[in-house]
1. At Gln120 and His135, where each label point lies 7 Å from the Cα along Cα→Cβ, what is the point-to-point distance in nanometres?
2. Which of the peptides 104-116, 176-188 is most tightly packed, and how do the rest follow, judged by the mean count of other Cβ atoms within 10 Å per residue?
3. Rounded to the nearest 5, what is the percent of antiparallel bridges among the DSSP beta bridges in the chain?
4. Helix check for the chain. Which DSSP H runs span at least 27 Å along their own axis by Cα, with a mean Kyte-Doolittle hydropathy no less than -0.5?
5. Cut-off is 10 Å between beta-carbons; in what order do Thr162, Thr152, Thr78, Thr189 appear when sorted fewest neighbours first?
6. In percent, what relative contact order does the chain have, based on Cα pairs under 8 Å that are 6 or more apart in sequence?
7. Which residues' amide hydrogens lie under 5 Å from the amide hydrogen of Leu3, considering only partners 5 or more residues apart or on another chain, with H built in the peptide plane?
8. Order 124-132, 22-30 from most to least packed using the mean count of other Cβ atoms within 10 Å.
Amino acid sequence: MSLVLHNFFRSSASVRVRAALNLKGLAHEHVSYVLRQKEHQSDAYLKLNPQGLVPALQLDDGTVLGQSLAIIEYLDETHPEPALLPQDPLDRARVRSLAQAVACDIHPVNNLRVLQYLGQELKISEAGVADWFRHWVDQGFAPLEQQLAGDTRRGKFCHGDTPGLADLCLFAQIANNRRFDVDMSRYPTLQAIFEHCLQLPAFVDALPENHPHAG
Ligand SMILES: N[C@@H](CCC(=O)N[C@@H](CS)C(=O)NCC(=O)O)C(=O)O
């Protein structure tokens with residue numbers, strides 16, 4: 001299968017998918033879009049992905065999939081090993097719930113277009129925008145830390161000792177947090193999971209700084 005990932009090195013939704021592709025051992029090419037230059041809003045990209053966000057995954061028959069969680073679940077269904085979701089329905093719901101706590105409740109309010117709107121349209125200072133970012137991370141991370149710290153289903157990763165969908169989302173968020181000086185000492189359980197991810201080349205290679213088009 002020849003796969004093309006339309007993405008941007010710093011995009012955390014792209015980091016999720018890059019790490020998933022790496023965990024599955026799926027080779028892929030990169031097409032990069034510089035978000036600050038609005039390359040993801042070009043006619044050519046909008047033809048591929050009318051949602052105008054990265055990432056999008058293009059399959060060898062030309063089909064384009066948008067939305068990182070949908071892409072990751074597609075990869076998991078078509079390449080079941082290693083599994084990114086557990087078998088048991090309740091466990092699957094638990095992992096999806098953890099993943100969505102990051103991907104649906106933290107990431108969207110901290111997305112580039114939101115931060116740009118705050119700065120460019122509402123004229124909020126750079127420091128104010130950074131405060132906004134940290135506020136919404138804290139709103140999401142504090143309950144997540146509490147939930148995961150007290151849960152025996154957690155292992156090295158969010159669910160047991162193998163990485164899955166929730167870890168992909170958490171890893172990408174924590175990697176992104178570094179740009180805004182989020183104080184991770186308040187979230188020792190989340191930080192420990194991040195560090196376990198960093199033991200795996202699949203995650204390390206997905207980091208922004210290791211993207212072939214980083215810069
Ligand atoms: N829910 C989408 C979010 C995708 C998304 O927001 N991507 C960001 C980069 S992380 C983006 O394209 N931002 C462009 C913008 O904000 O203008 C997903 O999970 O794929």
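Since every read-out is calculated from the coordinates, none of them should be taken as a lab result. As the structure is a computational prediction, the values presented were derived from the model and not from experiment. Neighbour counts are summed over all protein chains in view; Cβ atoms, including those assigned to glycine, are modelled from backbone coordinates with ideal geometry.
1. Placing both labels 7 Å beyond Cα along the Cβ direction yields 2.2 nm.
2. Top to bottom by mean Cβ count within 10 Å: 104-116, 176-188.
3. Of those bridges, close to 50 percent are antiparallel.
4. The qualifying helices are 126-149.
5. Thr152, Thr78, Thr162, Thr189
6. Relative contact order here is 26 percent.
7. Residues meeting the amide H criterion: Glu29.
8. The packing order, highest mean first, is 22-30, 124-132.
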